Structures are given as structure tokens and as C-alpha cells.
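Below: the structure, in C-alpha cells.
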Amino acid sequence: MLANKILNFINGEFVATDKWFENRTPTTNAVIGQVAEAGKAEVDAAVAAARAALQGPWGSMPLPGRVELLEALVAEINNRFEEFLEAECADTGKPRSLAAHIDIPRGAANFKVFADMVKNVPTEFFETPTPDGRTAINYGYRRPVGVIGVICPWNLPLLLMTWKVGPALACGNTVVVKPSEETPRTAVLLGEVMNKVGIPKGVYNVVHGFGPDSAGEFLTTHPHVDAITFTGETRTGEIISKAAAIGSRPVSLEMGGKNAAIIFADADFDAAIEGTLRSCFVNCGQVCLGTERVYVERPIFEKFVAALKAGAEQMKIGVPEDKETGMGPLISKEHQAKVLSYYQLAVEEGATVVTGGGVPDMPGELKDGCWIQPTIWTGLPETARVIKEEIFGPCCHIAPFDTEEEVLQKANDNQYGLATAIWTRDVSRAHRVAQRMEVGLAWVNSWFLRDLRTPFGGSKQSGIGREGGVHSLEFYTELKNVCIKL
Ligand code: NAD
């Protein structure tokens, strides 16, 4: 049963406030709950609880105890899999098949992977000759950073939140999480799980609200937050970066993208179509790593456009519970209006609409939902705004290219640098192009294939810092050198 009152989670308690905002489900846009907005007082209380927890049993717990608790957490998320699934699908409208396959299992796996990682990563050691003929030894010692502020987006709510909370807790920090105002539910459910498995009070806290003049701003400007990790839009990341500068606090930013896929004529055609359909349209195009620019080598251009069009048109748009659903709605009416404004702009900029371009006809109560058609364009100049700006919807522009040099120049000519997918059977070219792409993540003959031990993050305006595997240690621990003269 979905909760209709969604509360803050502070110091192990569920906390209401006197200010509420609506929680809507995108399939119908109906109000399905009320969320308690945290004010300054609640954010203060959450940060104070997180600070106090560093001094309590959590702060002095040996690593094996922490790891055991995180493993219990994974088991309990899996026990309550169905509730997490229901909550995530209610908030996002995404197909259950997708959330059951990606969001919830990966949400749990994030705790397991980082619990394993902290157990197994050594620190460095150096032996140093001293001028008096003796030696000193140096070793690295990692300690937690302290209270981490975690600011999350709405597209993969549990997965992207635990991607940060998993390593933060594994490293011994405490957290205050601000979920997206669009998707508050799974963060609160996780609070119930924390209590159930015995994670000490104050280690994990959740405050709800918006950005400016609300919980987001109160948290990121709070002087007792030691570091901030953020996933969301680049312009929000810039504001948070400024907030983090006060007090010289570390910040990790995972931000927007305008990712290119490059398909060479020698690629496995069916695999490239299947992969590009996923990278453009999965999660209704609301994936930071998703493709919005497709470059196809000229000999297969027409064939590729026709096959992608056929695939897009076959995708069933529908509700989460329908097993046939390939694509759900966008997250909100506001985001639908933004994506539709780009659909209109594409036409104004001179695009040929290959398929889509509007809102599908949906029956009954679904009429008011945030639906959108998967959309493909061709014919735009590289200077078009639709080619330059992140839309974050199920859409792509496809352009032909003739040479490797030309496609590299076009694909790299963007302010963002998050991810790319390159499709070719030529091994040397695959390496060459992957290495020259100005991105943090380059996939070859695949997309969104993730090994959680590998670095994840964006270059250029897509991000600062890398998380994942040992790279998360760099952000979530303070590395100190201990030098001992023998
Ligand atoms: P957003 O930037 O609008 O919001 C993200 C979070 O920031 C929300 O919780 C919001 O309330 C909060 N926020 C907004 N203004 C704030 C402020 N002034 N101070 C503090 N907090 C503030 O992003 P979104 O619309 O939720 O998510 C979509 C964006 O996220 C897209 O640009 C997408 O590319 C990006 N994204 C990036 C990655 C990545 O790993 N690089 C992953 C997922 C999404």
C-alpha cells in the first residue's frame, strides 16, 4: 500500500511539518500523496543528528560491523522488493519491468558493492631513508569525511541515491539526503529499512523539499555539512558548487549530457539498432547517459533511419503494470512542456520529423498523464539548439557522416562530455575513437553496461570528479599520510 503522507526521516524518526506539497503520479497526473516539506529547522535537526551519529556507535564501529549492517540492508531491501518497486513506479511512471530489472536491484547492489570494496582496498606504504642513516615508514590512512549532503534527481531515484549513500556509509560517513521533490518515496522507505536492520540513529536522514529557499539550499549551504555530492542539471550543479566553495568543502557533481552515438558502416547493424533504441528511448529518454545525437556513416544512413523509425513506432507506450509497456510517461507536466517545446523548436529550426513529435492519444484517465511520443529528426544543421542542448526526453537527431575525423569533430563539439556509444567491428578504430571522444564514459558495441568497480563521471560541463569502485574512496574519505621515524 502506498503511503499518502510522505515524511522526513530525521534521527531515526519520521517527521511531519506544517508545510506540505503534492506528490503526483505521471501516468495520470493525479495527486497520490502529500509530502512534508523540511524547513530550516528540520534541515538543522537532520544535520545535527548526522553529526552526533559520527560520535556515537557508528563512529566507533569497526569496519566488519559496518559491513555486516550494510549486508543486512541489502537483504532487507530485497525482502521488501515489491514495496520499493511499487513506490518507484508510482513516483516515476516507469515500466515495472524496467524498475524490477534496474532501479531496485541496482539500488540494493550499491550497498553490497561498496561494502565489498572497503573491505578489500589497501592503502599505500613507502619506506623512506632519513639523512641520519635510519628509516621512516609512511602509510596512508583513510578516515570518513563526516556529514555528507546528498542531492538527488528524479530519473533513477533509488539507484542514483544509493550510488552515493552506499559508498558514503561504507566509508563510515553519515548522510543527509534531499531526494528530488518529484520522487520522494523510496528514500523514505529506505529509512524504514535502516531502522529495521539497526543502522544507528542519525546515520541516514532524509529531508524533503525543493531547491532555492527550500531543503536543497538549506542543506547545501549548511556550515556543518562537510561535503556535498550532487546529481542533476548542470545549472543546478553550478549553484551547488558555489555553495560548497563557502567553507572550502569538497563537491562531487554528476550533471547533464548531450551524448552522441556513432555508428560506422561495418557495425553489427541489428545490434546497433537495438542498442540505439535503448539508449534513446529507455526510461522515456530520461537517462543522463542516453543518446540524443546519432551520427551514422553515409552508406547505411537511410537504412539506419528506417530501422530506428520502425523500432520507435513499435514501442508500446503504457502504464507500469502492463508487461508489454516499453515506454512510460515523462516525470511531470512541467517536464512534458519542456520536451514539447524542443519538439516545436526542432520544426522551427528546419528538422524533418521522421516519427513522433507530439503527445500520443491515451485513453480514459491516462489522458491527463505526462505522455510523449518517441521522436526522431533528421536534417538539422549542427548549430541547431536541438543538437546542442540537453532535452532529456525520448528523442534523437540522426545525421550522416563520411569520415572518422569529421564525426569526431561533430561529436566532440558540445559543452557536455558525459558518455558515448560507438558501434563498429574494427577494433583499432574502436580504441582510436573511444580514446579521442571527450567524455567520461565510452561504450563500444554496447550501452549502459556498468561494472560498479569502474570510474563513473562526466568531463567538460557534465561533471567534476569520478565515483565508482576505489574512485568513490577519493571523495568519501579523507586520506592522511602517517610518517613514523624508526
Ligand atoms: P535538477 O538539477 O533540477 O534537480 C536535482 C536536485 O537538485 C533536486 O533534488 C532538486 O530539488 C535539487 N536542487 C535544485 N535547485 C537546487 C539548489 N539551488 N540548491 C540545492 N539543491 C537544488 O535535476 P533533475 O531535473 O532532477 O534531473 C535531471 C538532470 O539530471 C538532467 O540534466 C540529467 O542529465 C542529470 N543527471 C545526471 C546524471 C549523471 O550521472 N551525470 C545522472 C542522472 C541525471
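Screening the candidates F14, F21 for the property of being at negative phi and open to solvent by 40 Å² or more (accessible area, probe 1.4 Å) yields one hit, F14. Could you tell me whether M117 is hydrophobic (A, V, I, L, M, F, W, C), in the same structural domain as E71 (by TED's automatic domain parsing) and open to solvent by 10 Å² or more (accessible area, probe 1.4 Å)? Judged against the criteria, M117 is a match. Answer yes or no: is there a residue in segment 241-256 that is within 16 Å of the ligand (Cβ to nearest atom), more than 26 Å from Q409 (Cβ to Cβ), touching a residue at least 40 places away in the same chain (Cβ under 8 Å) and open to solvent by less than 10 Å² (accessible area, probe 1.4 Å). Within segment 241-256, one or more residues are within 16 Å of the ligand (Cβ to nearest atom), more than 26 Å from Q409 (Cβ to Cβ), touching a residue at least 40 places away in the same chain (Cβ under 8 Å) and open to solvent by less than 10 Å² (accessible area, probe 1.4 Å). Only residues that are near the ligand (Cβ under 9 Å from one of its atoms) and surrounded by fewer than 22 Cβ atoms within 10 Å (Cβ to Cβ) were counted in segment 219-233, giving 2. Checking each residue in segment 453-485 for being more than 16 Å from the ligand (Cβ to nearest atom), in a helix (DSSP H, G or I) and among the hydrophobic types (A, V, I, L, M, F, W, C) picks out V470, L473. Checking each residue of segment 462-476 against the condition of being under 13 Å from K258 (Cβ atoms) and of a type in the set (S, T, N, Q) gives at least one match. Residues in segment 348-364 that are in a loop (DSSP other than H, G, I, E, B) and either in contact with a Cys (Cβ under 8 Å, 6 or more places away or on another chain) or within 16 Å of G393 (Cα to Cα) (or both): G356, G357, G358, V359, P360. Taken as a whole, the condition of being hydroxyl-bearing (S, T, Y) and touching an Asp or Glu at 6+ places or on another chain (Cβ under 7 Å) does not apply to T221.
Is it the case that segment 340-357 has a residue that's open to solvent by less than 20 Å² (accessible area, probe 1.4 Å) and either within 16 Å of the ligand (Cβ to nearest atom) or in the same structural domain as V31 (by TED's automatic domain parsing) (or both)? Checked against the condition, which is being open to solvent by less than 20 Å² (accessible area, probe 1.4 Å) and either within 16 Å of the ligand (Cβ to nearest atom) or in the same structural domain as V31 (by TED's automatic domain parsing) (or both), segment 340-357 yields no hits at all. Selection over segment 42-97 of residues that are surrounded by fewer than 19 Cβ atoms within 10 Å (Cβ to Cβ) and hydroxyl-bearing (S, T, Y) gives a count of 2. Annotation: of all residues in segment 264-321 being among the acidic types (D, E) and in a helix (DSSP H, G or I), the one that is farthest from the chain's Cα centre (by Cα) is E302. Quick one: in segment 454-486, of everything that is among the charged types (D, E, K, R) and more than 16 Å from the chain's Cα centre (by Cα), which residue is nearest to T231 (Cα to Cα)? Filtering segment 454-486 for residues that are among the charged types (D, E, K, R) and more than 16 Å from the chain's Cα centre (by Cα), the one nearest to T231 (Cα to Cα) comes out as K460. Taking the listed residues A46, A38, the one that is part of a helix (DSSP H, G or I) and not charged (D, E, K, R) is A46, with no other qualifying.
The values are calculated or read from the model by the stated rules, or taken from the named source; none is laboratory data. Here the structure is a predicted model, which means the values were calculated and not measured. Using ideal geometry, Cβ is built from the backbone for each residue, glycine included, and neighbour counts are taken over all protein chains shown. Accessible surface areas use protein heavy atoms only, side chains included; no ligands, DNA or RNA. Shrake-Rupley method; radii C 1.70, N 1.55, O 1.52, S 1.80 Å.
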